[in-house]
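*Asks:* This is the structure I want to talk about, given as structure tokens.
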Amino acid sequence: MKRVIYPGTFDPVTNGHIDIVRRASELFDEVVVTIAKNPGKTCMFSINERIEMLEESLKEFPNVLVDSFDGLVVDHAKQVGAIGIVRGLRAVSDFEYEFQMALMNRKLAGEISTILLMPHARYTYLNSTIIRNLAAFGGDVAEFVPLIVQNKLKERFISKKNPS
Ligand code: ADP
């Protein structure tokens, strides 16, 4: 049973994340998409909202689970019995950070490998910050995120414009 985790903030999940999950789910028996509770980061969506959006967007994949964790990624990987950590590599700009993380994680837990997957070229410029900003200014995010995320963003920005 080859299980991997795919950790991230997913604030919110985009079609780029889903592309990486699809690739990982074809390579491994089970993929645990796991939300890192990072106290240093202020998020737009709560952990529960992010779990709901991920579960709805990933329901077509029978071997994908969603959870969240606090603490070190390698500790969580060990807790769930994963053999590796999946991360997405969009461009050279991601490489430096992902390389450092991979080597640090190897130092902490040599038995856990990092697997870097490249998304389809159409997702290489996509990230959650761009999506949040686009939605905040009324831009159309339909091409970039699943329907549940579009609706959540709409709700969020409509209620901000018309506070009751
Ligand atoms: P983090 O805050 O840990 O970078 P994210 O949720 O933004 O969390 O991303 C989680 C992982 O998914 C990271 O490895 C990131 O590089 C990757 N990722 C994010 N957006 C995309 C995308 N559009 N295509 C491929 N990988 C992506």
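*Asks:* Considering LEU58, LEU72, which residue is closer than 25 Å to THR129 by Cβ and open to solvent by 80 Å² or more (accessible area, probe 1.4 Å)?
*Replies:* LEU72
*Asks:* For segment 98-123, give me each residue that is within 12 Å of the ligand (Cβ to nearest atom), crowded, with 16+ Cβ neighbours inside 10 Å and part of a loop (DSSP other than H, G, I, E, B).
*Replies:* Hit for segment 98-123 is PRO119, nothing else.
*Asks:* While we're here: What are the pairs, 6+ residues apart or on separate chains, where a residue within segment 50-74 that is without any contact (Cβ under 8 Å) to a residue 40 or more places away in the chain has its Cβ under 8 Å from a residue that is aromatic (Phe, Trp, Tyr)?
*Replies:* Between residues of segment 50-74 that are without any contact (Cβ under 8 Å) to a residue 40 or more places away in the chain and residues that are aromatic (Phe, Trp, Tyr), the close pairs are ASN63/PHE28.
*Asks:* If a residue has to be farther than 20 Å from GLN150 by Cα, near the ligand (Cβ under 8 Å from one of its atoms) and either touching a Cys at 6+ places or on another chain (Cβ under 7 Å) or open to solvent by 10 Å² or more (accessible area, probe 1.4 Å) (or both) to count, how many in segment 1-20 make the cut?
*Replies:* 1
*Asks:* Does segment 128-141 hold any residues that are open to solvent by 50 Å² or more (accessible area, probe 1.4 Å) and either near the ligand (Cβ under 9 Å from one of its atoms) or not small (Gly, Ala, Ser) (or both), and which are they?
*Replies:* Result: THR129, ILE130, ARG132, ASN133, LEU134, PHE137, ASP140.
*Asks:* Condition first: in a loop (DSSP other than H, G, I, E, B), open to solvent by 40 Å² or more (accessible area, probe 1.4 Å), under 21 Å from HIS76 (Cα atoms) and modelled with pLDDT under 95. Can you find one or more residues in segment 21-34 that meet it?
*Replies:* Within segment 21-34 (the criterion being in a loop (DSSP other than H, G, I, E, B), open to solvent by 40 Å² or more (accessible area, probe 1.4 Å), under 21 Å from HIS76 (Cα atoms) and modelled with pLDDT under 95), the answer is no, since none of the residues qualifies.
*Asks:* When LEU89 is evaluated against the numbered criteria (1) out of contact with any Asp or Glu (no Cβ under 8 Å at 6 or more places or on another chain); (2) within 12 Å of the ligand (Cβ to nearest atom), which criterion, by number, is the only one it fails?
*Replies:* The one condition LEU89 does not meet is (1).
*Asks:* Next question, about the same structure. Which ones in segment 75-95 are open to solvent by less than 90 Å² (accessible area, probe 1.4 Å) and either closer than 13 Å to ASP11 by Cβ or among the aliphatic types (A, V, I, L, M) (or both)?
*Replies:* Once the filter is applied, which keeps residues that are open to solvent by less than 90 Å² (accessible area, probe 1.4 Å) and either closer than 13 Å to ASP11 by Cβ or among the aliphatic types (A, V, I, L, M) (or both), segment 75-95 yields ALA77, VAL80, ALA82, ILE83, ILE85, VAL86, LEU89, ALA91.
*Asks:* Are any of the residues in segment 71-90 closer than 24 Å to PHE144 by Cβ and part of a loop (DSSP other than H, G, I, E, B)?
*Replies:* Yes; the residues of segment 71-90 include at least one that is closer than 24 Å to PHE144 by Cβ and part of a loop (DSSP other than H, G, I, E, B).
The values are calculated or read from the model by the stated rules, or taken from the named source; none is laboratory data. Please read these numbers as outputs of a predicted model, since none were measured by experiment. Quick reminder, even Gly has a Cβ in these numbers, built from the backbone with ideal geometry, and neighbours come from all protein chains shown. These accessible areas exclude ligands, DNA and RNA; they are computed on the full protein's heavy atoms, side chains included. Shrake-Rupley method; radii C 1.70, N 1.55, O 1.52, S 1.80 Å.
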